[in-house]
Structures are given as C-alpha cells and as structure tokens.
Amino acid sequence: MQANGMLRYNTRQRFYGDVGVREGDTPSGGNDSDADDFLEGEGWDSWLEAEFRYVLPIGAGRGNAMHTFVTSDGLLVRGATHGQWNPFESGRTLLILKPFFQYRTIDVTADNIGDIPSPNPPETGSTVKNETNGLEFLVEYDNRDYAENAQQGSLTRLGIARDFGWFQSSGAWTSVEGEFSKYFSFGDSSFFRQQVLALNAWTAYVPSTKAHLEDGFIVVDNAPPSNRGATLGGLTRLRAYPTGRFNSNAAIYYSAELRGIPAWDPLKDWPIIRKFAWRWWQWVVFAELGRVAPEWRFDELHQDMKWSAGIGLRAMIAGGVGRIGVATSNETTQFVIMVGQPF
C-alpha cells in the first residue's frame, strides 16, 4: 500500500472545458480548441490517492508476492520477470485498487468572469469548484524484465475509474482505459552500457457523459475533471502541453522513446552526487502523437492528431528514477521535472 497527495494554492490555476460551452462554439479542451481558450485564476489544487496492490499467485508471482532483482550499478544482472507473453508462466499479474480525491477551485474576479460560458454565471467574488472522489480499479500484467528500467518485455494495463457522486462530488462519472508498453533492447556498445527502444499506446473512453442545451449553452453532466479520464497534456502524455489541455469523451495516444545509458558518467564523481547512491544517468529522445474526440471512433481519433517531441536526462539514484526534459510542439514548449519513467 502506498499513498500520495498534494496541497497547494495555485496562482495560475487553469480549467479546460470544466465550465460548459456556448452553443456553436468549439469546446475548451477539444481537439480543435484554441490554446488560450481556458478559465484561469487563483485557487486550490489538491489531491490525495492511495494504492493497494495484490499479486496473483501465477507466473512470477507464484509462491512469493515479493520479487528480488539483482542489479549492478542500476542494471539488471539476474531475476528478470519477463518471458513469453503468458500470465500463467511469466510476469506478474496485479489487481490494483486506488481510492482518489481531488479538489480544485478558481476564484471568480473581474478579470476572468467573462471567460465562464454558463447559463447561470457566478458572481464576482465567488468560487468555481470541481471536486471528485471515487475508486479506480486496474488489472496489470507486468511482463517486463525489470520494472524500474525495462529493457525487454511488455506491460499491459486495463482500468476503470468511477466517481459515485458521493460526499461533495461535483457529479458522478465513469472512465475506462487500456494501455500497452513494449520494450526492445539494442544491447550495449562502445559508448552505451544500455540502449532501449520503448513504445507505448494508451486509450480512454468516458461513457457516462451527458449534455443538454440550456438558454443557448451546452451544459455537460457526468464528466470527469479536465485532468482525468480521456485527457492529454501534462507530465506523461503529450508533454509539450499543459495538464488537461486536451480532454473529451475519448482519447488515444502513442509514444516512442529511445533511451541510452552512456558508459561515460562524469556526474558520479561530483562531490554532491557522491553522497547519494548514484547508479546511472540516461539520455532520452522521444516523440508523441495523440488526439481527443467526442466519440471513440478509430478513424476520427487518427485524424488531425497533435504531436509532441523532446529530449531528456534521467538518473537512477538508489532504486528510483528521476527525470527532467523539454518537450515542444507547434503550440507550446514545456519543461518537465518528474519521478519515474513515463511508462
């Protein structure tokens, strides 16, 4: 079991499509929406989630839920969990339950009240709130050789998230998703200790969303917040765009990363770094494609796709990976700092 959370007051909070749309206009957060079509202001941006994992007693999970990886300077020596794609023979199959809570607000001022398309606009001095809570359930088949720094194998994940409308939730909603990652090792060379091509595909659909017309405005009900569900942008998918930049009822996403760990590592001799359990640094180049749409239709989701590309540096310190990177697109450029590989 593990838990994560954040509590902060954001002076530049953004909502993409969380407050409705005027009839005939392109929804904020839609694939064809303008980059500056959002509601911005000061507000709370807080979330909390826990994660409970159960390893099924099949494949590499048979007999012992805890697995031991033997590494040397952060590279796997023995204990790989991957094999032929067969959950009963190799890899680890997990059942994951994630309770979640999120609370986001924007203070309504004279500067942003005109950006709220609603048949019942709030008054200046009030607060626009978006609160959600619920449960996410996932089935994960991890057939990678080493989860922290995979060279071979694959990761398959299917999940469903549900806000039941309990407590102070802004509305009930349901979202389903599927994800597949595949890793190909190019071995080592005179310059690199490790070279890996990592590929990822992800899709999501929100079947609960309903919309109705009210006084010339389209009011959307039973939809997740713009940063959940079928959403692109942020630290993981379409990294050149802000969090929640694209969101709708359906989304699809593809990513490719070329990861290399150089044999040359001048950083490990730096005085500050020597105090930590430094394992390696990694050079990364990546490219991404993605699209959101009102319905899950294969043809529509593969037209006019948005792209993102960038470079990054990653490092393993002790048993964890940290990453920094720059991603750019034809709309924006983002600098990303995060813990863990994106996939």
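For segment 134-154, the criterion of a residue being acidic (Asp, Glu), open to solvent by 30 Å² or more (accessible area, probe 1.4 Å) and more than 29 Å from Arg14 (Cβ to Cβ) is satisfied by at least one position.
When every residue of segment 21-28 is checked against the conditions, at least one turns out to be at pLDDT below 95, part of a strand (DSSP E or B), open to solvent by less than 90 Å² (accessible area, probe 1.4 Å) and over 30 Å from Glu89 (Cα atoms).
One residue alone among Glu331, Glu295 is open to solvent by 40 Å² or more (accessible area, probe 1.4 Å) and touching a residue at least 60 places away in the same chain (Cβ under 8 Å), and that residue is Glu331. Of the listed requirements (1) open to solvent by less than 40 Å² (accessible area, probe 1.4 Å); (2) farther than 24 Å from Leu135 by Cβ; (3) assigned to a loop (DSSP other than H, G, I, E, B), Asn86 misses just one: (1). Pairing residues of segment 154-169 that are touching a residue at least 24 places away in the same chain (Cβ under 8 Å) with residues that are in a loop (DSSP other than H, G, I, E, B), at Cβ distances under 6 Å and at least 6 apart in sequence or on separate chains, gives Ser154/Asn143; Leu155/Arg144; Asp163/Ser169; Asp163/Ala172; Phe164/Ala172. Taking every residue in segment 50-70 that is over 22 Å from Ala161 (Cβ atoms) and pairing it with any residue that is basic (Lys, Arg) and open to solvent by 90 Å² or more (accessible area, probe 1.4 Å), at least 6 positions away or on another chain, the pairs with Cβ-Cβ distances below 6 Å are Val70/Arg78.
Each residue in segment 188-213 was checked for being open to solvent by 60 Å² or more (accessible area, probe 1.4 Å), over 21 Å from Val292 (Cα atoms) and assigned to a strand (DSSP E or B), and 2 pass.
The values are calculated or read from the model by the stated rules, or taken from the named source; none is laboratory data. Bear in mind the structure is a predicted one, so any value in this text is a computation, not a measurement. Please note: Cβ atoms are built from the backbone with ideal geometry, for glycine as well, and neighbour counts cover all protein chains shown. Surface areas here come from the heavy atoms of the whole protein model, side chains and all, with no ligands, DNA or RNA. Shrake-Rupley method; radii C 1.70, N 1.55, O 1.52, S 1.80 Å.
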